[in-house]
Structure formats: structure tokens, C-alpha cells
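Structure record follows, encoded as C-alpha cells.
The values are calculated or read from the model by the stated rules, or taken from the named source; none is laboratory data. Please read these numbers as outputs of a predicted model, since none were measured by experiment. FYI the Cβ positions are ideal-geometry reconstructions off the backbone, even for glycines, and counts take in every protein chain you see.
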């Protein structure tokens, strides 16, 4: 606020909104992002995209699927206009499928597993093999979406690749996603596919 720089203030508000997203406070996320976008004409497209996609996460926490799609679609319309030289907040430029990652994550949070499977497939197709940590996290979320869509065998197949990446990278974020997957697979915990997942997760624990 002391900088009087509208872009930096907007970026700061989005970062605060990210913290509230992690805490599950959807209404605070929406409030903070609306504050960032209050005079959006003064903001470069990148800051507007950041605020819109984060507001979509807030909307997913409050169960507002319509707002999620509207905000992600509006942000997508601005993506080609990002051309500033600001040194921060450049994930939308360098992350393949950036906005579809946000959409799929929001769908997962809304419990729309069957609708999240397709965007996750699209994202994973464009994420390079060299981006191991991001790829592992996205694959884990894809597996969770498959489980929630009633596709446990597909979820297990994806989980095997996630486990290999998790052991290789020792990513705490990936391990948290695997815990979420384990919860989603509980309906099949006594079936062969559930026992298969338990073996996969054990390999990750042994690799820690």
C-alpha cells in the first residue's frame, strides 16, 4: 500500500487471497480479489488474470461453479495480452495450461470429479517431462478426479507414475496430494484396486 503502485498492491492482495484459499476461507478470497479488481482498468492483464483465477478458487470454496467458469473464461480472454516486464507473477506465461490447471483444481474442490478428468488430461499432455514436480502434483490431482468419477483402476494407473516421481523428487506437496487420493479411494480399500494403491503409497513412504 505504501508503494502506491496499483499493480503491486493487486499482486499483494492476490497473495493474501492465496493464503485464505489454503485456509478454506472462500468468502475472504472473493473479497480480497474483488478489492484487487476494483479498478481493473488501471491494472495490466497479468494482474487481472492472477486476481480472476484466484477469485475462481474462492468461488469453488463457496460452491459457486458458475462463477468459477466465468472467471476462468474471462482470464483466458486476457492471456494473449500479457506483455508487461514486471518481474513477479509470471506463472501464467511460463506454466503450460495454466488456466486449465486452475479450472481442474476448482472442479476437484467442487466435487466434480468426472468433469475434472478431461481438463487434467489436457494439462498433463502439455506439461513437459522435465517439470517433474508440477507434473507429479497434476497427475495426483488427476488420479483423485478419476477416483471421484468412479474410475478406481484408472486412478491406480496414474498413481503409479505419481509414486515414482514422489520418490525421485521427495516433494512434500505431492505427498499431500497422495493423501487426498487415498481418501478418495477409500470406497475400494478392501478391493484389489485398493490394495494395489496401498502398495503404491507404501513405496512412497519407504522412499522418504
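Condition first: in a helix (DSSP H, G or I) and under 27 Å from residue 48 (Cα atoms). Can you find one or more residues in segment 160-172 that meet it?
no
Between residues in segment 72-85 that are in contact (Cβ under 8 Å) with a residue 12 or more places away in the chain and residues that are outside any helix (DSSP H, G or I), which pairs lie under 7 Å by C-beta distance while being six or more apart or on different chains?
84/44
Which one of 36, 59 is surrounded by 15 or more Cβ atoms within 10 Å (Cβ to Cβ), over 19 Å from residue 119 (Cα atoms) and not assigned by TED's automatic domain parsing to the domain that holds residue 107?
When all the criteria are applied, what remains is 36.
Would you mind telling me which numbered condition in (1) over 23 Å from residue 173 (Cα atoms); (2) at pLDDT 95 or above; (3) not in a loop (DSSP other than H, G, I, E, B) residue 63 fails?
Just one mismatch for residue 63, condition (3).
So residue 67 fits all but one of (1) under 16 Å from residue 146 (Cβ atoms); (2) without any contact (Cβ under 8 Å) to a residue 40 or more places away in the chain; (3) buried (at least 17 other Cβ atoms within 10 Å of the Cβ); what number is the exception?
Here residue 67 clears every test but (1).
Residue check: is residue 128 modelled with pLDDT under 95, outside any helix (DSSP H, G or I) and over 23 Å from residue 201 (Cα atoms)?
yes
Can you name the condition, by its number, that residue 46 falls short on among (1) more than 17 Å from the chain's Cα centre (by Cα); (2) at pLDDT 95 or above; (3) surrounded by fewer than 15 Cβ atoms within 10 Å (Cβ to Cβ)?
(3)
Can you say whether residue 100 is free of Cβ contacts under 8 Å to residues at least 40 places away in the same chain, surrounded by fewer than 23 Cβ atoms within 10 Å (Cβ to Cβ) and assigned by TED's automatic domain parsing to the domain that holds residue 128, as far as the supplied structure shows?
So residue 100 passes the test.
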